[in-house]
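One structure is given here, and the rest of the page talks about it.
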Amino acid sequence: MKTIRWGIIGTGDVTEVKSGPGFQQANNSELVAVMRRNGDLARDYAERHNVPRWYDDAQALINDPEVDAVYIATPPHVHKEYTLAVAAAGKPVYCEKPMAMTLAECEEMIAACGTVGVPLWVAYYRRSLDKFVKIKELLDANEIGDVHMVDVRLQFPPFVGNADDVPWRFDPSIGGGGRFVDMGSHTLDILDYFFGPILAVSGCAINTNPIYAAEDNVTATFTLGNGAVGSGAWSFTSQAQKLDRTILYGTKGTITFSSFDDTPATIERNGKTESFGEPFPAHVQQPFIQTIVDEMNGDGRCPSDGKSAARTTKVIDQILESFRNVAFL
């Protein structure tokens, strides 16, 4: 098999442990170049991670003849810009999630890659983690019967700081929204993976903190691809204990799982509860990266591409539609 030589645009926190080393440790994969607008930080990353070359210009990395494929690990506001540039160079694109700021941007990215015939993958990597793969297998095997209802709850403490300290994930002009967009997208995508595209959705959102403009409390109701109904509540201002729980209610039992920690999932049926699911790997994106490398070598398919990721962005757009309309008046 061919060794896929990767370049990374953007070397922020996500690349330090979650993704960057995965390109080096996956089979038939090699990380050969990184880029960051701050050259000193790009060089520092390259030296610490034993990457041969670094750049402070994205186009220079894209044009590097020894870079076969590019991973875009920037904030969402420039995902479209860099995806279009990589596609124009005829190279495959692996983009961080959420895919883009809006569905319209996602569609431009899909079209650009489709025009030149290069693949586009998006980092909804939970689709390759053991816990979620096993849930999918149990559902497909009808182990809890027909799933008729889903309940999603995510509760995190509030941001503590002042306006000068607000991270970009609370800035809709950079992230497309707040922590709901950043974190809630993962659970919405995994429901798409389990049940198929979400068929209908409505939502409400509010902002409770004057130092940022993003939504921080969100509720939604939706109809899943299998016809089940679902509801979700995401609160990022609660002083109470963190809560990360999704329950799938079937006619023969339930499955309960967390989206963001590697605690085992549970299945309850016939009066018994069993736990399952391996802990997340040290480099949590590595199993997903392996599926991309394998697909590029003609062996299987990656479970998350531009089209599936765009569906999640569409759902987010629908949930936040009224909030955004009011916020932008």
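Structure notes:
- Some residue of the range 23-39 being touching a helix residue (DSSP H, G or I) at 6+ places or on another chain (Cβ under 8 Å) and part of a helix (DSSP H, G or I): yes
- Looking only at the range 50-66, residues that are surrounded by 21 or more Cβ atoms within 10 Å (Cβ to Cβ) and touching a Leu at 6+ places or on another chain (Cβ under 9 Å) come to 3 in all.
- Residues of the range 238-262 that turn out to be at pLDDT 95 or above and not in a strand (DSSP E or B), as a count: 6
- Scan of the range 212-242 for residues that are buried (at least 22 other Cβ atoms within 10 Å of the Cβ), aliphatic (A, V, I, L, M) and touching a strand residue (DSSP E or B) at 6+ places or on another chain (Cβ under 8 Å), ordered by number: Val218, Ala220, Leu224
- Any chance Ala104 is more than 21 Å from Ser259 (Cβ to Cβ), of a type in the set (Gly, Ala, Ser) and part of a helix (DSSP H, G or I): yes
- Here Val118, Val78, Val67 are screened, and the one residue that is of a type outside the set (Ser, Thr, Tyr), part of a loop (DSSP other than H, G, I, E, B) and free of Cβ contacts under 8 Å to residues at least 40 places away in the same chain is Val118.
- Restricting the range 252-267 to residues that are without any contact (Cβ under 8 Å) to a residue 40 or more places away in the chain and surrounded by 12 or more Cβ atoms within 10 Å (Cβ to Cβ), the residue that is nearest to Asp146 (Cα to Cα): Thr256
- The set of residues in the range 277-318 that are closer than 18 Å to Tyr193 by Cβ and touching a strand residue (DSSP E or B) at 6+ places or on another chain (Cβ under 6 Å) comprises Gly277, Ile292, Cys302, Ser304, Asp305, Gly306, Ala309, Val315.
The values are calculated or read from the model by the stated rules, or taken from the named source; none is laboratory data. If you're wondering where the values come from, they're calculated on a predicted model, not measured in any experiment. So basically every Cβ, Gly included, is an ideal-geometry build from the backbone, and we count neighbours across all protein chains shown.
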